[in-house]
Amino acid sequence: MSEQFIPALIDGEINPQLLKRSRYEIAGLQFCNREGLGSVPNVDNIGYMGALILMKPSQYLSLVPSLGGFTKTVNFLKTGQETLFGTPFLDININEETRTAQVKGHEGRSRMSFFREVTGDAPVPVALFIRESNFTLRARHIEPWMLELIQSGVTSERTEVSRGDYVEGPLFDQAAYLDKGSRIARISLPASDRMLSF
């Protein structure tokens, strides 16, 4: 028997079970981080590997290189032939000394372009992998200040023709991760206002 889809939000807040489950639904869309289009193993293991944030597709798209004229995947998604999606992700490097953050990688531009069209830009979960001085952190290493830093604004991903632009936040308003590897922390940012643990 396959795993059931759970709601991504409970009373408007990220469902902390998303850190441990592969299947969820939000805004009429179904996600599976094992079998969905664009799924990757690290996102399926997000409880160990990073954090989840709730982000509008338009905000995500402001942080990654433009699709330009490459819309083949978006057009395919519009046909309705694919109805199960993997969670998009961002790979962000933070510099503790300078308190800056920059997007270093991503996966999900086409899906987010499609989601923006079909949901009216409703926020969806995005997996967040955080590096510090180019060392990839695990969820147990994440601290609230790191999420606050990223939430306040980051430099977008560099391309051959762009050094990346600073995109001012707030980039998202909710995050969830396994604090110290075992306790689920759900944060509504700014984190200094409230931190909920489960």
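Each reported figure results from applying straightforward, stated rules to the coordinates on display, with no laboratory input. Treat the numbers as computed from the prediction; the structure is a model and nothing was measured. Cβ sites come from the backbone with ideal geometry, for glycine too, and all protein chains shown count toward neighbours.
Tabulated values for the structure
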read-out: Test item: Cα-centred dipole of the chain, Lys/Arg +1 and Asp/Glu -1 on Cβ, debye; value: 360
read-out: Under 17 Å from residue 180, Cα to Cα: aspartates and glutamates that are on another chain or at least 8 residues apart; value: 132, 143
read-out: Mean ellipticity per residue at 222 nm, deg cm²/dmol - from DSSP H runs of n ≥ 4 across the chain, formula -39500 (n - 2.57); value: -5000 deg cm²/dmol
read-out: Sequence-distant residues sharing a close amide H with residue 155 (under 5 Å, placed H); value: 101, 102, 103, 167
read-out: The range 143-152 - phi-based ³J(HN,Hα) in whole Hz, Karplus 6.51/-1.76/1.60, Gly and Pro as x; value: 10, x, 4, 5, 5, 4, 4, 5, 4, 6
read-out: Percentage of interatomic Cα-Cα distances in the range 76-162 larger than 21 Å; value: 40
read-out: Sorted peptide list for 131-142, 21-32, 43-54, criterion being average Cβ within 10 angstrom, highest first; value: 43-54, 21-32, 131-142
read-out: Vicinal HN-Hα couplings computed from phi for the range 105-113 (Karplus, 6.51 cos²θ - 1.76 cosθ + 1.60; Hz; Gly/Pro x); value: x, 7, 7, x, 4, 5, 4, 5, 5
